[in-house]
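The values are calculated or read from the model by the stated rules, or taken from the named source; none is laboratory data. Bear in mind that the values here come from a model prediction, so they are computed numbers and not experimental data. Cβ placement follows ideal geometry from the backbone for every residue including glycine, while neighbour counts extend to all protein chains displayed. Quick note on the areas: whole protein, heavy atoms, side chains included, nothing else; ligands and nucleic acids left out. Shrake-Rupley method; radii C 1.70, N 1.55, O 1.52, S 1.80 Å.
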Amino acid sequence: MQQPPVPPNEQARLEALRRLGMLDTLADPSLDELVHYAARELDVPIALVSLVDTERQWFKARVGLEHTELPRDVSFCGHAICGDDVFVVEDALQDERFAANPLVIGELNMRFYAGVPLKSPDGQRVGTLCVIDTRPRTLDTRQRDLLQALGAVAAWELARKHWMPPAEKVSEE
């Protein structure tokens, strides 16, 4: 199993995550509806808005999964935040990065993952909108486009309600 890499901008990414002020907060009805819509439209049992913290990924919105968080070192989302495009694993058992992952060989039985990074207003990738299935599958162009569009909506919702810009520096004149 390959643990997710730590992005080179990890400190700035974590600062942006903190400025969102979303970790360990109550459910957000608009994000809950978004993950239900993603699951329905992409025909998957699990959809999440995941925020990737230092040691964990925490789920701000979820459908089809009881866990509210999972360790970052086994997360697929930790891999997804390292790029800008949709990150897809069509069959985790056939992918050397994930074949021995406890999320794949354990009770969750993950086979398929697709996630799009969620960016904060300052451009940091703080989490993902992701969909998961227990069977291998692919995404066609329309489905990839839909996931990207829903990811943009999720990022906008996070920022619209919760973004706290960095404190302004007061200049002494």
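Numbers at a glance
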{"quantity": "Residues of segment 1-30 satisfying the condition of being closer than 27 Å to Asp133 by Cβ and either assigned to a loop (DSSP other than H, G, I, E, B) or touching a Lys or Arg at 6+ places or on another chain (Cβ under 6 Å) (or both)", "calculated": "Met1, Gln2, Gln3, Pro4, Pro5, Pro7, Met22, Leu23, Ala27, Asp28"}
{"quantity": "Output for segment 31-68, where each listed residue is touching a Pro at 6+ places or on another chain (Cβ under 9 Å) and within 19 Å of Arg142 (Cβ to Cβ)", "calculated": "Ala39"}
{"quantity": "Which numbered condition Gly21 misses (of (1) open to solvent by 40 Å² or more (accessible area, probe 1.4 Å); (2) in contact (Cβ under 8 Å) with a residue 12 or more places away in the chain; (3) over 24 Å from Gln148 (Cβ atoms))", "calculated": "(1)"}
{"quantity": "Residues within segment 79-109 that are within 16 Å of Gln3 (Cα to Cα) and either of a type in the set (D, E, K, R) or open to solvent by less than 10 Å² (accessible area, probe 1.4 Å) (or both), tallied", "calculated": "10"}
{"quantity": "Scan of segment 42-70 for residues that are open to solvent by 40 Å² or more (accessible area, probe 1.4 Å) and more than 14 Å from Val126 (Cα to Cα), ordered by number", "calculated": "Asp43, Pro45, Arg62, Gly64, Glu66, His67, Thr68, Glu69"}
{"quantity": "Every pair of residues 6+ apart whose Cβ atoms lie under 6 Å, when the first sits in segment 27-41 and is surrounded by fewer than 18 Cβ atoms within 10 Å (Cβ to Cβ) while the second is at pLDDT 95 or above", "calculated": "Asp32/Ala61; His36/Val63"}
{"quantity": "In segment 85-104, the residues that are out of contact with any helix residue (DSSP H, G or I) (no Cβ under 8 Å at 6 or more places or on another chain) and farther than 19 Å from Thr138 by Cα", "calculated": "Ala100"}
{"quantity": "All positions within segment 1-14 that are within 18 Å of Val126 (Cα to Cα) and in contact (Cβ under 8 Å) with a residue 24 or more places away in the chain", "calculated": "Gln3, Pro4, Pro5, Pro7, Asn9, Ala12, Arg13, Leu14"}
